[in-house]
Amino acid sequence: MILIIDFGSQYNQLIARRVREFHVYCQIDPPDIDIAYIKNLKPKGIILSGGPSSIYEKNSPKCDESIFNLGVPVLGICYGMQFMINALGGTVKRARKREYGFAELKIKEPEGLFKGVDQITKSWMSHGDSIEKLPRGFRITASTKNTKIAATVHGKKNLYGLQFHPEVHHTARGKAMLRNFLFDVCGCRRTWTMKSFAKDSIAQIRETIGDKKVILGLSGGVDSSVTALLIHKAVGKNLTCIFVDNGLLRKNEAEKLKKTLKQHLEINIRFVSAKTKFLKALSKVTDPEKKRKIIGKIFINVFEAEARKIKGADFLAQGTLYPDIIESKSVFGGPTSVIKSHHNVGGLPKNMKLKLVEPLKYLFKDEVRILGKELRLDENLIWRQPFPGPGLAIRIIGEINKRRLSILREVDEILLDEIRNIGYYKKIWQSFAVLLPIKSVGVMGDSRTYENIVAIRAVTSKDAMTADWARLPHKFLGKISNRIINEVTGVNRVVYDISSKPPSTIEWE
Ligand code: XMP
C-alpha cells in the first residue's frame, strides 16, 4: 500500500485515484498520525500531498519528520516537497508572485520518475513558495523558466520532490511519473482489484458480524445496493434491508425499484410506505433547510420503527464512501459552514446503539461501480444517476403538494427518457428537472396561458464536489422543451440551467 499524507490540497483525492487506477491500494491520512501507526501500515511508499499553506506559517501542517528515516521511498508534491526539503535542512523562499498554470518542464535526468518522459514536457504549477537551497545529498532533476528546482531527488534515500502536480491531467506525463514512482521506485504490485476487494471484504464482514443480525437502509442507489450485495454474500439471511417510500421519488420509481431489487437481490427487504407522513409534514413548507430537516427526521422515525421490529439486530450497515471519510478528517476539518444539511438514507438513528458496518468506506464511486459489476449487480442499478435522499422535495422550489409532484414527475420522465435515447445517461453525472415557484405567460393555440416554468439541470462531474453544466446539443434541448410543453399540462416554459458548481450547487435547494 501507499500512504498519502494529506496537507490539505484540493487534489489529494485525485492522487489517491491515480494510484488506485494502477491497481495499487492507497490510503489518505492527516499529518498528525504517529510514526508507530505508519510503521504498522507497512507502506511501500509515502506521498506527501500539496496544500494551501506556506511552510513558514505558524500553524502550517507538519507530519512526523522521522518518516524520512524509515527507508521507505517518499514523494513530496508541491507543499509536500517544501515540507520535506525544509525538514531535511534546505531552505524554501517566499516567491514574490504565485506561479499558476502551465509551465514547460526541462528534464535533466531522464531516469527515476522521469524514465520514458520526453526531455521537454508540460507541467501544471500552483505554488507561492519555491525551494531556494537543497539539503545535502539532493540534486536538481528538472527545472522550469521560473522555478529552478522544479524536481529533485536524494538518490540514496529514495526521496523525491516535485514542485508541480503530477496527479492533474494538465501535467502531460504525470501518470507516467506516478507509475515510475509506484513500480520502479517503491516496487508496488498491481494487486488492488475489485475482485480481490470483494473476496477480502466478504470474509471480513463475515468475521465481524458472525451469526448476528444486521440492518441496512436501502435507497436503490448504487452505494446501498452494492453494500447490500456484499453483506448478503457474507451473512445471507441475517441481513434485513429497509426501503422507505417517502412519496418523493420519481414516477413509478418505487415500484420499479421494488421489482429490480427483488429480482436481482435475493435479499430480505422490507418495503415501508410512508408517503402520507412525509407529505403531511411538508405541507406549506418552503424553506429548503426546513424541508431537509423534516424529511431527515421523519426518515429516521420511520426507519427506527421498522428496525425495532427486527429482533436481535446488533449492526447497522451504511454505504459510506471514502470521500466522506477523507473530508471529515481533513487537515482543515472539512467544510467550515453547512451549505446543505445532507440527509443520507440510512443516516444514523443514534440511540439505537447499533454497531456500524461500512464496507465501502475506502472506495471511490467509480470503484463502487466496478465492484457492483463484479458482484453482478443489475446494470440499471450500477449506472443509476445519484438521486438525493430528500428526492423531489428539493427539486420543487416552494410548496410541495400532490399536483406539483405530479407535474414534476411527468416532466422528469420525459427528460430522462430523451437523455437515455441520445445516449447521455451514463455520460453525465446527473440530469433532472426543477419546478419553479413562478408562472409565466404563454400562448397555446389562440389562447393565453399562465402556467409553470421548469428548469432542466444536467451536469458533468467526477465526484459532485465540482460540476459543470452539460453542453447538451441545442437540437436535443429543443426536442425536450417541445415534448414537455406539449405533453405536460401545467407547463408552458422550459429553461436550461447553465451554472457550474461552484458557485452554484447541483441541486437547487
Ligand atoms: P449539491 O446540490 O450539494 O449536491 O451540489 C451534490 C450531490 O449530492 C446530492 N445531494 C444529496 N444526496 N442526500 C443525498 O443523499 C441529500 O440530502 C443530498 N443533497 C444533494 C446531489 O444530488 C448531488 O449529486
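The values are calculated or read from the model by the stated rules, or taken from the named source; none is laboratory data. Note that the structure is a prediction, hence the values are computed from the model and not measured. Note that we place each Cβ from the backbone using ideal geometry, even for glycine, and neighbour counts take in every protein chain shown. Just so you know, the surface numbers come from the protein's heavy atoms only, side chains and all, with ligands and any DNA or RNA stripped out. Shrake-Rupley method; radii C 1.70, N 1.55, O 1.52, S 1.80 Å.
Overview of values
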{"quantity": "Only listed residue being modelled with pLDDT of 95 or more and within 16 Å of the ligand (Cβ to nearest atom), chosen from LEU416, LEU477", "calculated": "LEU416"}
{"quantity": "Check on ILE400, away from the ligand (no atom under 12 Å from the Cβ) and of a type in the set (A, V, I, L, M, F, W, C)", "calculated": "yes"}
{"quantity": "Lone qualifier among LYS233, LYS251, LYS213, LYS259 - being of a type in the set (D, E, K, R) and in contact with a strand residue (DSSP E or B) (Cβ under 6 Å, 6 or more places away or on another chain)", "calculated": "LYS213"}
{"quantity": "Residue, nearest to GLY161 (Cα to Cα), within segment 129-142, restricted to residues that are open to solvent by less than 30 Å² (accessible area, probe 1.4 Å) and not in a strand (DSSP E or B)", "calculated": "PHE138"}
{"quantity": "Test result for LEU248, under 30 Å from ILE394 (Cα atoms) and either part of a loop (DSSP other than H, G, I, E, B) or touching a Pro at 6+ places or on another chain (Cβ under 7 Å) (or both)", "calculated": "yes"}
{"quantity": "Search result, residues across segment 258-274 that are outside any loop (DSSP other than H, G, I, E, B) and open to solvent by less than 10 Å² (accessible area, probe 1.4 Å)", "calculated": "LEU261"}
{"quantity": "Neighbours by Cβ (under 8 Å, 6+ apart or cross-chain): first from segment 471-484, touching a residue at least 12 places away in the same chain (Cβ under 8 Å); second surrounded by fewer than 15 Cβ atoms within 10 Å (Cβ to Cβ)", "calculated": "PRO473/ILE422; PHE476/ILE422"}
{"quantity": "Matching residues, segment 65-74, being closer than 26 Å to MET125 by Cα and surrounded by fewer than 17 Cβ atoms within 10 Å (Cβ to Cβ)", "calculated": "GLU65"}
{"quantity": "When residues of segment 418-442 are limited to those that are loosely packed, with under 12 Cβ neighbours inside 10 Å and under 29 Å from THR286 (Cα atoms), the one farthest from the chain's Cα centre (by Cα)", "calculated": "VAL441"}
{"quantity": "Any chance ILE370 is within 14 Å of the ligand (Cβ to nearest atom), surrounded by 14 or more Cβ atoms within 10 Å (Cβ to Cβ) and of a type in the set (Val, Ile, Thr)", "calculated": "no"}
{"quantity": "Positions within segment 206-223 being within 16 Å of the ligand (Cβ to nearest atom) and either open to solvent by less than 10 Å² (accessible area, probe 1.4 Å) or within 20 Å of ARG292 (Cα to Cα) (or both), in sequence order", "calculated": "LEU216, GLY217, LEU218, SER219, GLY220, GLY221, VAL222"}
{"quantity": "Residue in segment 483-493 that is of a type in the set (S, T, N, Q), in a strand (DSSP E or B) and away from the ligand (no atom under 12 Å from the Cβ) present", "calculated": "yes"}
{"quantity": "Flag if LYS297 is assigned to a helix (DSSP H, G or I), within 16 Å of the ligand (Cβ to nearest atom) and open to solvent by 20 Å² or more (accessible area, probe 1.4 Å)", "calculated": "yes"}
{"quantity": "Candidates ILE55, ILE77, filtered to the one that is more than 11 Å from LEU3 (Cβ to Cβ), under 24 Å from the mean Cα position of the chain (by Cα) and surrounded by 15 or more Cβ atoms within 10 Å (Cβ to Cβ)", "calculated": "ILE77"}
{"quantity": "All positions within segment 24-49 that are touching a strand residue (DSSP E or B) at 6+ places or on another chain (Cβ under 9 Å), open to solvent by 40 Å² or more (accessible area, probe 1.4 Å) and of a type in the set (D, E, K, R)", "calculated": "LYS44"}
{"quantity": "Criterion violated by GLY445 - all others in (1) surrounded by fewer than 17 Cβ atoms within 10 Å (Cβ to Cβ); (2) among the small types (Gly, Ala, Ser); (3) under 28 Å from the mean Cα position of the chain (by Cα) satisfied", "calculated": "(3)"}
{"quantity": "Residues (under 24 Å from the mean Cα position of the chain (by Cα) and surrounded by fewer than 13 Cβ atoms within 10 Å (Cβ to Cβ)) located in segment 181-198", "calculated": "ARG190, THR191, LYS195"}
{"quantity": "Failed item in (1) part of a loop (DSSP other than H, G, I, E, B); (2) surrounded by fewer than 21 Cβ atoms within 10 Å (Cβ to Cβ), with LEU363 passing the rest", "calculated": "(2)"}
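To keep it simple, each residue is scored yes or no on (1) among the aromatic types (Phe, Trp, Tyr); (2) closer than 18 Å to LEU216 by Cβ; (3) within 16 Å of the ligand (Cβ to nearest atom).
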residue: LYS365; (1), (2), (3): no, no, yes
residue: GLU374; (1), (2), (3): no, no, no
residue: LEU377; (1), (2), (3): no, yes, no
residue: PRO388; (1), (2), (3): no, no, yes
residue: ASN421; (1), (2), (3): no, no, no
residue: LYS427; (1), (2), (3): no, no, yes
residue: ALA433; (1), (2), (3): no, no, yes
residue: LEU436; (1), (2), (3): no, no, no
residue: GLY442; (1), (2), (3): no, no, no
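Residues are listed down the side, and each one gets a yes or a no for (1) within 13 Å of the ligand (Cβ to nearest atom); (2) at pLDDT 90 or above; (3) assigned by TED's automatic domain parsing to the domain that holds ASN238; (4) in contact with a helix residue (DSSP H, G or I) (Cβ under 8 Å, 6 or more places away or on another chain):
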position: LYS290; (1), (2), (3), (4): no, yes, yes, no
position: GLU304; (1), (2), (3), (4): no, yes, yes, yes
position: PRO323; (1), (2), (3), (4): yes, no, yes, yes
position: LYS350; (1), (2), (3), (4): no, no, yes, no
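Okay, residues lined up against (1) closer than 21 Å to ALA470 by Cα; (2) free of Cβ contacts under 8 Å to residues at least 40 places away in the same chain; (3) of a type in the set (Gly, Ala, Ser); (4) assigned to a helix (DSSP H, G or I):
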| position | (1), (2), (3), (4) |
| --- | --- |
| PRO386 | yes, no, no, no |
| GLY389 | no, no, yes, no |
| GLU399 | no, no, no, no |
| GLY423 | yes, yes, yes, no |
| ILE428 | yes, no, no, no |
